[in-house]
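Asks: Shown below is the structure under consideration.
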Amino acid sequence: MNEEDQAKEDRIRTRIDAITHRLQKIAAMEGDAVWVGGLAARGVFEAERDRLISENEELLERWESLYKPPQ
């Protein structure tokens, strides 16, 4: 892997880590909200969660493409 591809991989991994952290935080807030009836229990994070999951899937595809041989 060349330096440019390594830099791309590093950026992808950093963003995936940030997305994972945020998704975990949302899940925890939603779990807590079930018991106390907070905003998260009313689905206020659904759109953000869906957007983050989609972004994560796109990043994983880009990461995978770094290892596919050129055609």
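All of the numbers you see were taken from the coordinates with simple rules; none came from a lab. Here the structure is a predicted model, which means the values were calculated and not measured. Cβ coordinates were reconstructed from backbone atoms using ideal geometry, including for glycine residues, and neighbour counts include every protein chain displayed.
Asks: If you check every pair at least six apart or on different chains, which have Cβ atoms under 8 Å apart with a residue in the stretch 22-41 that is surrounded by 11 or more Cβ atoms within 10 Å (Cβ to Cβ) first and a residue that is in a helix (DSSP H, G or I) and of a type in the set (V, I, T) second?
Replies: Final answer for the pair search is L23/I53; A40/I26; A41/V34.
Asks: For the stretch 12-21, which positions are more than 11 Å from L52 (Cα to Cα) and surrounded by 12 or more Cβ atoms within 10 Å (Cβ to Cβ)?
Replies: Selection gives I12, R13.
Asks: Now for a different question. In the stretch 29-45, what residues are assigned to a helix (DSSP H, G or I) and out of contact with any helix residue (DSSP H, G or I) (no Cβ under 9 Å at 6 or more places or on another chain)?
Replies: Answer for the stretch 29-45, where residues must be assigned to a helix (DSSP H, G or I) and out of contact with any helix residue (DSSP H, G or I) (no Cβ under 9 Å at 6 or more places or on another chain): just V36.
Asks: Whether any residue in the stretch 17-27 is outside any helix (DSSP H, G or I) and within 17 Å of the chain's Cα centre (by Cα) is what I want to check.
Replies: Looking for residues that are outside any helix (DSSP H, G or I) and within 17 Å of the chain's Cα centre (by Cα), one finds none in the stretch 17-27, hence no.
Asks: As an exercise: evaluate E9 against (1) over 14 Å from the mean Cα position of the chain (by Cα); (2) free of Cβ contacts under 8 Å to residues at least 40 places away in the same chain and give the number of the one condition it does not meet.
Replies: All conditions pass for E9, except number (2).
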